[in-house]
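These notes are about the structure you will find just below.
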Amino acid sequence: MKGARLLARTLAMVAAVALGGYPAEAAAPPERMTLDKDVLVFSQMAAEGRVVMQLIPGDIVEIEPADTDGEWCKVREVQLWGKSGYALCKDLVPRRPTAEAPPKATTPPEAKAPPIMRPPPPAPRVTEKPAAKPMAAVTEPEAKREKQYTVQVAALVVERNAVALKARLEQLGFRPIIRTMTAPMTRHRVYGGEFESRAEAEQTAGRLKVDGFPSNVVETEGGKFGPEVGSFVDLNEAIDLAHNLQKKNYTPKIVSKAVPTPVHAVRVGEYESRSEAVEVFEALKRQGFTPIIARQ
């Protein structure tokens, strides 16, 4: 029994050496930075995922690589709520430190000559003057505090969905607004084939229309042509469309590429303190929404 254990341990050590099994180096600590631009943080390493945070310039975060390609980074906000998620590494731009102004040069005071002693002037006559009226106190206007927080209910790609959500919130007594911004998102384009000439692509586009798949002929990468049948943020929708095209004996192709995409953020209110935003946050949760508190 003892010999068998010794043999197993020896074989394990040999296998570890053969596979380069040396003790792993300690993982590098996360990098901390102050952001210089707006960044959307998603729940997963995909731009079509749920938005969990919207970071703004001045937010402090800790970041570390999340994949081997260096495209996505894991992000944790360390100032307010400590949430974490995933963002495109190229969007995480650190704020440049501002150069301090050089100290002003000071000149030594000039030496003063000793005063010349002169006889004192005659005493002035004392005349009674009316008492001065007290000055009215001047009150400075109170500085307005900047509204730093808002409650974001959703960030939607389709504008009509954002408008419908805004109308629903208004019916519940809230006062929502829609803020449109641009974020890099992966679009999945579905082509009904790829052809060397535009004529072949247009001929296929005609057959697609007859089969219930309207399309638009575009030039694809590599100088070829293809009838574009659909473009989706959700990859599953693109796959479903490709399967339907296969059933009609077409040869579909899905091309995925990150492109700047308008995102419509539906928000409720503007608040000076986070505690005010929390009250609205809880009210929205009671109505079945999944909001987040965002910085302005």
Quiz item: Magnitude of the Cβ-charge dipole of segment 185-261, K/R +1 and D/E -1, about the Cα centre, nearest 20 debye?
Solution: 80
Practice problem: List Val278, Val157, Val210 from most exposed to least, where exposure is judged by having the fewest other Cβ atoms within 10 Å. | Solution: Val210, Val278, Val157
Quiz item: Would you list Glu202, Glu282 from fewest to most Cβ contacts within 10 Å?
Solution: Glu282, Glu202
Quiz item: So what are the three principal axis dimensions of segment 185-261 from its Cα atoms, in whole Å, longest to shortest?
Solution: 31, 27, 16
Quiz prompt | Nonlocal amide H pairs with Ala258, under 5 Å, H built at 1.01 Å | solution = Arg187
Practice problem: Mind checking segment 49-84 for GluC sites (Glu not before Pro) that DSSP puts in a loop (not H, G, I, E or B) and that have at most 16 other Cβ atoms within 10 Å? | Solution: Glu71
Quiz item: With respect to the cross-link table entries Lys224/Lys247; Lys166/Lys257; Lys83/Lys166; Lys74/Lys147, which display a Cα-Cα separation exceeding 32 Å?
Solution: none
Exercise. Determine, for Thr220, Thr204, Thr68, the number of other Cβ atoms within 10 Å of each Cβ, and report the residues in order from fewest to most.
Key: Thr68, Thr220, Thr204
Quiz item: Tell me, in nm to one decimal, what length is gained between Gln79 and Ile60 on full extension, where the rule is 0.36 nm per residue of separation less the Cα-Cα distance?
Solution: 6.2 nm
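Please report the equivalent ellipsoid semi-axes of segment 168-296, computed as sqrt(5 x eigenvalue) of the Cα gyration tensor, largest first, in whole Å.
44, 16, 12
Rule-based calculations on the coordinates, nothing more; no lab input. Keep in mind it's a predicted model, so treat the numbers as computed, not measured. Quick reminder, even Gly has a Cβ in these numbers, built from the backbone with ideal geometry, and neighbours come from all protein chains shown.
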